[in-house]
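Reviewing the structure listed below.
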Amino acid sequence: MYNAVRAACLICATFMALTGLTQRTISVQSNASAAGANEKADLPDPRDVEQNAVAARRAIRFGRLEISVSSKNEKRETALAVHFEFDYRTSRKLRIDTTRKNPRIHSGGRPATVKGGDSIERLVIDGERYLYYSPDVLSVAGTPDREGAAEIGTLSEQPSMELLIMNPLLLGMIPDGTGVLFQETIEGFLTAPGRRDFTIESATLNNARCYQVDCITGNGLEVREWIAPERGYSLLKVHGRRIVEESHKVFEIDWNCRVKHYPKQQVWFPEEITNRVTEDGMPYESEQIVITNADFSMPPDPATFELKSLDIRPGAGISEDPPHGKYGRRWNGKELEEIVPPKPAVRKPLLVQPKNHGRIWLFVSCGCAGLALLCALLARRRAATRTASPTEPAGDNPENPRAPPP
């Protein structure tokens, strides 16, 4: 009897404990769900996060950058170094010095080599005006060496020059290679039209608190972005995946960006960027960008955007649009000067004529005429004498045998 009562009490106690545990578990789960819901409710709109990233980059108005780029794909490897100086406070002022290591160049459809090995281009953009110079000396088999070109013009008249302009503020804003620096805008990826199906979560990446944003871009790329609000809303990582409808190939992007803080200017800017693309899981292309030097403390010297800063070879002709003058201009080492064609050479006479040559020629002419007249008279007299001599009979005068006798 006692044992039965004791067993019943144990069963009741166990049931009560389990009931309390279950209630506490339900309460904890409810609290966790509520906390998670509150946390998601506290997350910002992902579109606002992207807008903040774009605004932070646009706040950089001037600076200097030096970058080193190495890229590789299934066809070749390339390397280049670029020096940027820019001032966007009132208008677009941009200086780009590009050095390509052992480039592949064609001239007139034939392979060409650059003397010295490296190809150099210097480009200045000042509003709508551009200055361009390349000191390259190209060697093509069977043709004379071609020296570098210098140009001055406006972008409205030569829109193809836009293809040579790289915007340094795009570094770290678009998950792709340096090729997009030539043709995109800061909004070319983040905040681009056509993006849909946004979600946002909290995440941590490389000890940085981030917003993890998922969406689908206008061209069907499924992307996941990590944006760090405490690091100037920098884009730290992007993973993308896209299936090409025609070929059903799967392309994946793994893009990473390490940023550096410049405390005096309160600027966060990329220090190293790596981009790897795979095709059906196999390496397709890769690129590494290292920002070797950056300074956002003061605007560039205005002389940086002048023609004399391009180090043009003295004597080099300048191609201008619109043309200047009849024969154009050239650089003399200090400034532009009009090209004056050489005057035709004047042939000097073999004999130098004195100033009184007219009077001398008169005396010479008279002398020659008198001499000719004298010669004519003597010739006439001699001819008359020879004609009369054979008809005269021989004479007996011993002093003159031809004289008649007395």
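The values are calculated or read from the model by the stated rules, or taken from the named source; none is laboratory data. All of these numbers come straight from a predicted model, not from anything done at the bench. Backbone-built Cβ (ideal geometry, glycine too); neighbour counts: all protein chains shown.
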Which members of region 291-315 meet the condition of being in contact with a Ser or Thr (Cβ under 9 Å, 6 or more places away or on another chain), surrounded by fewer than 17 Cβ atoms within 10 Å (Cβ to Cβ) and of a type in the set (A, V, I, L, M, F, W, C)? A303
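Give region 163-182 a look and list any residue that's among the aliphatic types (A, V, I, L, M), more than 15 Å from the chain's Cα centre (by Cα) and over 19 Å from E85 (Cβ atoms), or say none.
Filtering region 163-182 down to residues among the aliphatic types (A, V, I, L, M) leaves 163-166, 169-171, 173-174, 180-181.
This time we only want the ones that are more than 15 Å from the chain's Cα centre (by Cα), so: 169-171, 173-174.
Selection gives M173, I174.
Being among the β-branched types (V, I, T), in a loop (DSSP other than H, G, I, E, B) and at negative phi, is that true of even one residue in region 208-217?
Start the filter on region 208-217 by keeping residues that are among the β-branched types (V, I, T), which leaves 213, 216-217.
Still in the running and in a loop (DSSP other than H, G, I, E, B): 217.
Filter once more, keeping what is at negative phi: 217.
Looking for residues that are among the β-branched types (V, I, T), in a loop (DSSP other than H, G, I, E, B) and at negative phi, one finds at least one in region 208-217, hence yes.
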Scan region 216-265 residue by residue and report those that are aliphatic (A, V, I, L, M) and surrounded by fewer than 18 Cβ atoms within 10 Å (Cβ to Cβ). I216, I243, V244, V250
Just to be sure, is S234 hydroxyl-bearing (S, T, Y) and more than 27 Å from T90 (Cα to Cα)? no
Given (1) touching a Lys or Arg at 6+ places or on another chain (Cβ under 7 Å); (2) outside any loop (DSSP other than H, G, I, E, B); (3) over 21 Å from V82 (Cβ atoms), index of the condition G220 fails: (2)
Against the definition (among the hydrophobic types (A, V, I, L, M, F, W, C) and either closer than 29 Å to S286 by Cβ or surrounded by fewer than 17 Cβ atoms within 10 Å (Cβ to Cβ) (or both)), how does L138 come out, yes or no? no
Only strands (runs of 3 or more DSSP E) wholly contained in region 228-295 count here; list those with 1 or more residues that are within 24 Å of I216 (Cα to Cα) and among the hydroxyl-bearing types (S, T, Y). 234-243, 267-279, 282-295
Which pairs turn up if I take residues in region 126-138 that are of a type in the set (V, I, T) and look for partners that are in a strand (DSSP E or B) and surrounded by 19 or more Cβ atoms within 10 Å (Cβ to Cβ) with beta carbon separation below 8 Å, at least 6 apart in sequence or on another chain? V137/V114
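State all residues of region 198-212 that are in contact with a strand residue (DSSP E or B) (Cβ under 9 Å, 6 or more places away or on another chain) and at pLDDT below 95; if no residue qualifies, say none. Don't jump to the end; show me each part of the working.
Within region 198-212, the first condition is being in contact with a strand residue (DSSP E or B) (Cβ under 9 Å, 6 or more places away or on another chain), and the residues that meet it are 198-206, 208-212.
The one that is in contact with a strand residue (DSSP E or B) (Cβ under 9 Å, 6 or more places away or on another chain) and at pLDDT below 95: N206.
Just checking, how many residues over region 109-124 are touching a Phe, Trp or Tyr at 6+ places or on another chain (Cβ under 8 Å), without any contact (Cβ under 8 Å) to a residue 60 or more places away in the chain and surrounded by 20 or more Cβ atoms within 10 Å (Cβ to Cβ)? Show your work before the answer.
So in region 109-124, the residues touching a Phe, Trp or Tyr at 6+ places or on another chain (Cβ under 8 Å) come out as 121-124.
Among the residues that remain, those that are also without any contact (Cβ under 8 Å) to a residue 60 or more places away in the chain are: 121, 123.
Now narrow it down to the ones that are surrounded by 20 or more Cβ atoms within 10 Å (Cβ to Cβ): 123.
Number satisfying all stated conditions: 1.
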Since I200 meets every condition but one in (1) touching a Leu at 6+ places or on another chain (Cβ under 7 Å); (2) within 15 Å of I253 (Cβ to Cβ), which condition does it not meet? (2)
